[in-house]
Amino acid sequence: MSSPDRNDTPVLITEAAPSYEEQHAARRKKYAIMMSLRFPCLILAALFAQTWWLALFFIVLSVPLPWMAVLIANDRPPRKAEKANRYEVERRAIAPKSTTVIDG
């Protein structure tokens, strides 16, 4: 018995990083998108061959795309900086005792 206003999607209750498979799928998607941008740049360069500076712009834009795509695809999210939980002893100074000095 479920009510119509009940949502059956699970609630995320952890701060754990996404799984390796999810990270890999996201990186593959970014790689595919960036590499698919290279072909239209080359087509646009061919279409604007009469305007040499615009054709050159599209060619120059398409050259670093494979390099950037590989860098982004191989990049993993940074590790979270975790503070080390160390036991720290409370240090107390030795209380000065009142001493009696005898001159003599």
task: Determine, from the Cβ-Cβ distance of Leu37 and Ala17 and an R0 of 22 Å, the FRET efficiency 1/(1 + (r/R0)^6), rounded to the nearest 0.05.
output: 0.20
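Given a 1.4 Å probe and heavy atoms of the protein chains only, how would you sort Thr99, Thr51, largest accessible area at the top?
Values: Thr99 110, Thr51 50 Å².
In descending accessible area the options line up as Thr99, Thr51.
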- prompt: Label Leu65 and Thr51 with points 7 Å out from Cα along Cα→Cβ: what is the distance between them in nm?
  reply: 1.8 nm
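The values are calculated or read from the model by the stated rules, or taken from the named source; none is laboratory data. In this text, all values refer to a predicted model and were calculated from it rather than measured experimentally. Positions of Cβ are generated from backbone atoms using ideal geometry, with glycine treated the same way; all protein chains shown enter the neighbour counts. Note: accessible area is taken over every heavy atom of the protein model, side chains too, but ligands, DNA and RNA are not part of it. Shrake-Rupley method; radii C 1.70, N 1.55, O 1.52, S 1.80 Å.
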